[in-house]
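Only the coordinates and a few stated rules stand behind these numbers; no lab work does. These figures come from a predicted structure and were not determined experimentally. Cβ placement follows ideal geometry from the backbone for every residue including glycine, while neighbour counts extend to all protein chains displayed.
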Amino acid sequence: MSHDPSAHRPLDEELPRDRRPAADDPERGDVPGWVLVTLMTAGLVVALWALAGPLLEDAFTQAIQSVTGR
């Protein structure tokens with residue numbers, strides 16, 4: 001199965017003007033909105049990791065110690 005580089009979906013700029021999607025086309029998406037959602041999600045993960053990291057590390061250490069007997 002070979003990949004044909006000419007069989008790609010053309011970018012909006014490569015399409016003739018009459019075939020380009022309209023600026024208000026709902027299929028175009030909301031890039032700034034998705035960037036904001038992604039950054040906020042990453043921030044929440046970092047905050048939760050900072051809070052829960054030491055607790056998870058202690059729980060893991062205790063579990064390993066109970067199994068190994070050390």
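Each label point was placed 7 Å from the Cα along the Cα-to-Cβ direction; for V31 and L55 their separation is 4.0 nm. Take the Cβ atoms of L48 and R70, set R0 to 25 Å, and the FRET efficiency comes out at 0.25. Over the stretch 31-70, with a single point scatterer placed on each C-alpha, what log10 of the ratio I(q)/I(0) does the Debye formula yield at q = 0.29, 0.36 1/Å? Evaluating at q = 0.29, 0.36 Å⁻¹ gives log10 I(q)/I(0) of -0.86, -1.01.
Residues in the stretch 64-70 carry Karplus couplings, in order, of 5, 5, 5, 7, 7, x, 9 Hz; the curve used is 6.51 cos²θ - 1.76 cosθ + 1.60 with θ = phi - 60°, and Gly or Pro positions show x.
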